Amino acid sequence: MKNVIQRAVPLAPLTSFELGGPAEYFLRAESERDVVAGLRWAKRRGVPVRILGGGSNLVIPDEGVGGLVVQMATRGRELKMDGDLAELTVAAGESWDPLVAWLTGQDLVGFECLSGIPGSVGATPIQNVGAYGHEVADSLIWVRVLDRETLEDRLLTSRDCDFGYRDSRFKRDLDRFVVLSVRFALRRGAVPEIRYAELERAVAERAETKRTEGSAPTASEVREIVIGLRKRKSMVFDPDDENRRCAGSFFTNPIIEAADADRVVRDAVERGLVSAPSEVPRYAAGDGKSKLAAGWLIERAGLCKGTRRGAFGISSKHALALVHHGGGQTRDLMAFAEEVQGAVRERFGVELHREPTLWA
Ligand SMILES: Cc1cc2nc3c(=O)[nH]c(=O)nc-3n(C[C@H](O)[C@H](O)[C@H](O)COP(=O)(O)OP(=O)(O)OC[C@H]3O[C@@H](n4cnc5c(N)ncnc54)[C@H](O)[C@@H]3O)c2cc1C
């Protein structure tokens with residue numbers, strides 16, 4: 001093994017929340033061989049293994065975690081062109097957003113709407129990373145994984161991954177596989193597909209300002225617009241931003257039976273929270289279900305942007321992001337998350353589910 005296993009390594013600086021205790025054992029894996037060696041080492045000692053990417057979707061308990069944490073630091077990108085079609089294979093430890101910048105810079109279309117998201121490539125299939133109407137599942141061909149039981153690698157197709165909204169078979173069974181690399185399909189020079197109303201408006205505004213109405217934006221232009229929108233919500237990491245210590249959205253948007261969504265809308269009108277049903281953000285989610293906006297529910301349950309509880313609070317720019325203001329403890333973050341869930345449950349009878357993984 002190239003890198004040695006260290007003891008008692010603090011995890012807080014390796015996560016975007018900057019919270020939690022140390023890893024009992026820690027390995028920075030710069031090669032796939034390191035990953036396998038780490039898993040073998042842990043197996044021999046009978047200790048659990050956890051996989052760390054960029055730490056941007058993780059909550060670490062105050063007492064830290066027992067066993068081995070393997071930080072994915074593998075590198076490598078391979079781009080193969082066949083006419084305008086691109087097949088891109090990327091190692092799990094590569095950072096996502098620099099990859100997107102590199103691709104959009106070459107007019108490779110597919111990930112421009114997923115610009116500005118922190119973290120590693122290997123974590124993107126875990127929760128099927130998504131934003132502005134796109135998800136990695138839209139472009140994913142396969143994921144190469146290491147089966148943690150057999151220590152053999154396997155290719156899982158997009159269908160095998162059983163992707164859903166911020167969900168996949170990986171997220172449902174975190175102890176089964178390590179993602180080693182991912183292959184994506186992209187297209188050079190294609191017209192970026194804009195599927196999200198807010199982004200559509202921003203693209204149209206820019207075209208008006210630049211007097212380029214009628215001509216489609218390039219992937220780089222869409223990237224720039226998406227990053228602009230995300231910055232306004234503190235959804236791009238910025239060391240000077242008061243909302244920087246977060247994991248992006250702390251809750252997923254709830255997908256509920258359409259009849260339950262009807263009830264939420266009726267209640268909101270009756271209680272005077274909105275003047276018309278159409279003011280409640282609601283989207284069809286297939287199978288007779290509706291998706292509600294968790295941020296809207298949180299604010300209408302009385303927890304507005306900028307709410308503070310000691311070292312924690314709701315982002316001043318985005319109601320769905322819980323923020324650590326420094327000097328706090330994970331147990332207080334979790335208590336605040338429960339308060340938010342409780343307020344939404346009480347006001348609307350809707351359950352909010354946590355998006356980041358808690359290493360309990
Ligand atoms: C400011 C901000 C904005 C964000 N915006 C978005 C957004 O728009 N959309 C979105 O979907 N997410 C968003 N996120 C959440 C997060 O960036 C993504 O989920 C990202 O993919 C997490 O990557 P990571 O490498 O940091 O994963 P980590 O936080 O390190 O890990 C997350 C989970 O994945 C597992 N994991 C990581 N790598 C591997 C691997 N190679 N193999 C197996 N398991 C692995 C970990 O064990 C853990 O369970 C945002 C976060 C922040 C801080």
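Remarks
- Screening K43 with (1) assigned to a strand (DSSP E or B); (2) away from the ligand (no atom under 12 Å from the Cβ) gives one miss only, at (1).
- Flag if V100 is under 22 Å from the mean Cα position of the chain (by Cα), at pLDDT 95 or above and in a strand (DSSP E or B): no
- Test for A123: is it aliphatic (A, V, I, L, M), in contact (Cβ under 8 Å) with a residue 60 or more places away in the chain and within 24 Å of E112 (Cβ to Cβ): yes
- Where D238 falls short, out of the listed (1) within 12 Å of the ligand (Cβ to nearest atom); (2) under 17 Å from W96 (Cβ atoms); (3) surrounded by 13 or more Cβ atoms within 10 Å (Cβ to Cβ): (3)
- The single condition among (1) buried (at least 18 other Cβ atoms within 10 Å of the Cβ); (2) not in a helix (DSSP H, G or I) that V340 does not satisfy is (2).
- The stretch 343-354 - residue that is in contact (Cβ under 8 Å) with a residue 12 or more places away in the chain and surrounded by fewer than 21 Cβ atoms within 10 Å (Cβ to Cβ) and, of those, nearest to F250 (Cα to Cα): R354
- S168 being within 12 Å of the ligand (Cβ to nearest atom), polar (S, T, N, Q) and more than 22 Å from R77 (Cα to Cα): yes
- Hey, L68 assigned to a loop (DSSP other than H, G, I, E, B) and either open to solvent by 50 Å² or more (accessible area, probe 1.4 Å) or within 13 Å of the ligand (Cβ to nearest atom) (or both) or not: no
- Residue match in the stretch 205-212 (condition: within 28 Å of D287 (Cα to Cα) and free of Cβ contacts under 8 Å to residues at least 12 places away in the same chain): no
- Of the residues making up the stretch 78-100, one or more are basic (K, R), open to solvent by 40 Å² or more (accessible area, probe 1.4 Å) and more than 21 Å from F237 (Cβ to Cβ).
- Flag if R75 is more than 10 Å from the ligand (Cβ to nearest atom), open to solvent by 30 Å² or more (accessible area, probe 1.4 Å), more than 30 Å from E224 (Cα to Cα) and more than 20 Å from the chain's Cα centre (by Cα): no
- Exactly one residue among R266, R300 is free of Cβ contacts under 8 Å to residues at least 40 places away in the same chain and farther than 30 Å from G54 by Cβ, and that residue is R266.
- Note on the stretch 241-290: among residues that are closer than 26 Å to L358 by Cα and not in a loop (DSSP other than H, G, I, E, B), the one that is nearest to the ligand (Cβ to nearest atom) is C246.
- Residue match in the stretch 207-227 (condition: in contact with a Ser or Thr (Cβ under 8 Å, 6 or more places away or on another chain), surrounded by 14 or more Cβ atoms within 10 Å (Cβ to Cβ), modelled with pLDDT of 95 or more and closer than 22 Å to A319 by Cβ): yes
- Cβ pairs under 6 Å, 6+ apart, first in the stretch 271-286 and within 25 Å of G133 (Cα to Cα), second among the small types (G, A, S): V280/A268; P281/A293; R282/A261; R282/S290
The values are calculated or read from the model by the stated rules, or taken from the named source; none is laboratory data. What you see is a predicted model; the values in this text were computed from it and never measured. Cβ sites come from the backbone with ideal geometry, for glycine too, and all protein chains shown count toward neighbours. These accessible areas exclude ligands, DNA and RNA; they are computed on the full protein's heavy atoms, side chains included. Shrake-Rupley method; radii C 1.70, N 1.55, O 1.52, S 1.80 Å.
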